[in-house]
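Scroll down for the structure; my scribbles are underneath it.
Each value in this text was obtained by applying a stated rule to the coordinates, not by laboratory testing. None of these values were measured; they are calculated from a predicted model. Ideal geometry is used to build each Cβ from the backbone, glycine not excepted, and the neighbour counts take in all protein chains shown.
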Amino acid sequence: MLRALKLLASQTGHNKKPRPLSCSHQDYDQIKTERDQLQTKLTQEQHETKQQIAQHFNNTLELDLEKNPTLSQVITRLQELLRRPNSPSKVSETPFGEDLVVIREIDLVMLRNILSPLTKSEIQSIEQAVNYRELANARQGILTNYLKKGQEQLRISKQENKQLVGYQYEERIIWLILLVIS
């Protein structure tokens, strides 16, 4: 079979080595110029597409980057935000879009002013809240604990007052008896 193919190739002239193509130098330069222009155009289109994508992400996700960020700047900013889950971002989960860090600080100042000194665990529960719901739950828990303590102290005070009133009543009776006897 191989012999048949060789015989067929020799009869049709396909067994000869191909001759190098001769092209005019002017044709080669024109093709090379067109290739370079197309490459430049492709590179420019890729750059514009990347710029549009970066701008879209910057606007949509409110990353607070410069007016025309590069794609690498957007990626770097997103990586920063992903590494720090407690970090504030413009995409807020607070009711009116406030910064969670600011609300956290206001809550701590308010709780420290209203309540007796906060415990470390109470402060940590406020500081470790990663969204508004957790912050509100932590604040509510702290206030509930202090209200329970206050109610217990009020109950104890009422008992002590009853005892004092009872002692006063007994003392008055004793004085009246002594007064009547004398």
Problem set entry | Computed E for Y167/S116 - FRET, C-beta separation, R0 41 angstrom, nearest 0.05 | 0.85
For this session: Give me the number: length gained by fully extending L82 to V109, i.e. 0.36 nm times residue separation minus the C-alpha to C-alpha distance, one decimal in nm.
Result: 6.9 nm
